[in-house]
Amino acid sequence: MFNSSTSQPTLLLATSNLGKIGELTAILKPLSLRLLTLADWPAKIPEPEETGEDFLANALIKAQYYAKVCGYPALADDSGLMVEALGGRPGVASARYGGGGTDGSRKLKLLREMVGLKNRRAKFKSVLVLAGSGAEYLTWSGELAGEIAEKPLGEGGFGYDPLFWEPISGKTLAQLTLEEKNRISHRAKAGQAMARDFEAVRKFLAGCQES
Ligand code: IMP
């Protein structure tokens, strides 16, 4: 299906979240990989169930599943928002907070849960997993500390970004440009750690090509 004559190692971004795809594409640029996304497949691939108890377990489920189905080494991100006063919720369930719904309904639910709470400290966490069709994998993680704003602000980013106030910039993540968010975000920190492991990543991808 794809031209594999290029010497660039190929990596599949194992997510259909357009926000994550945009961010990961920019974050991984220094690695000079040939990036594929799920949109490169002609038919929609059914999503795996995220049954893991933590971010690592869910990222591993997604990376191994898409690597197997698509036949390319896959990078999955599992991430979410952890609010201190809510005992770390929504956490791994960030994408499913309050049942189905939309980013908008999840933000409203969070604001309702925060009513009257003085402690608004929160953090985002991202765990990246690179996996092939075998059991081996590489993983990196990153976190970003901030606070839950009283109301949504800004138009950029995705998910909870308009509600996540970052103290150093003094803005919500949705008020930052993509470049600004990609310098500080949880996903950027995980991606930067991956880029520092450049040699291990290349070796892993080469091993996937041979097997
Ligand atoms: P996942 O696809 O199960 O990893 O879902 C992650 C969910 O966490 C997303 O759908 C968002 O709701 C939230 N999330 C993760 N990273 C971010 C971010 O950078 N900004 C805003 N929301 C995020």
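The C-beta contact set for the range 66-87 (first residue over 14 Å from GLY146 (Cα atoms) and at pLDDT 95 or above, second residue in a loop (DSSP other than H, G, I, E, B) and within 14 Å of the ligand (Cβ to nearest atom), distance under 6 angstrom, 6+ apart or interchain) comprises TYR66/ALA14; ALA74/ALA14; ALA76/ALA14. Of all residues in the range 159-175, those satisfying the criterion of being in contact with a Gly (Cβ under 7 Å, 6 or more places away or on another chain) and small (Gly, Ala, Ser) are GLY159, ALA174. State whether the residues of the range 104-126 include one that is small (Gly, Ala, Ser), modelled with pLDDT of 95 or more and either touching a Phe, Trp or Tyr at 6+ places or on another chain (Cβ under 9 Å) or surrounded by 14 or more Cβ atoms within 10 Å (Cβ to Cβ) (or both). Scanning the range 104-126 turns up at least one residue that is small (Gly, Ala, Ser), modelled with pLDDT of 95 or more and either touching a Phe, Trp or Tyr at 6+ places or on another chain (Cβ under 9 Å) or surrounded by 14 or more Cβ atoms within 10 Å (Cβ to Cβ) (or both).
In the range 53-60, the condition of being of a type in the set (Gly, Ala, Ser), closer than 30 Å to GLU113 by Cα and modelled with pLDDT of 95 or more is met by at least one residue. Taken together, the residues in the range 179-203 that are under 20 Å from SER133 (Cα atoms) and open to solvent by less than 30 Å² (accessible area, probe 1.4 Å) amount to 2.
Please determine whether any residue of the range 11-32 is touching a Gly at 6+ places or on another chain (Cβ under 9 Å), within 24 Å of GLY207 (Cα to Cα) and small (Gly, Ala, Ser). No, the range 11-32 contains no residue that is touching a Gly at 6+ places or on another chain (Cβ under 9 Å), within 24 Å of GLY207 (Cα to Cα) and small (Gly, Ala, Ser). Remark: pairs (first residue in the range 41-64, surrounded by fewer than 17 Cβ atoms within 10 Å (Cβ to Cβ); second residue in a loop (DSSP other than H, G, I, E, B); Cβ separation under 9 Å; 6+ apart in sequence or on different chains) = TRP41/MET1; PRO42/MET1; LYS44/SER16; ILE45/SER16; GLU47/SER16; ALA57/GLU50; ALA57/THR51.
The values are calculated or read from the model by the stated rules, or taken from the named source; none is laboratory data. Quick caveat, the model's predicted, so the values are computed rather than measured. Quick reminder, even Gly has a Cβ in these numbers, built from the backbone with ideal geometry, and neighbours come from all protein chains shown. What goes into the accessible areas is simple: the full protein's heavy atoms, side chains included, and nothing from ligands, DNA or RNA. Shrake-Rupley method; radii C 1.70, N 1.55, O 1.52, S 1.80 Å.
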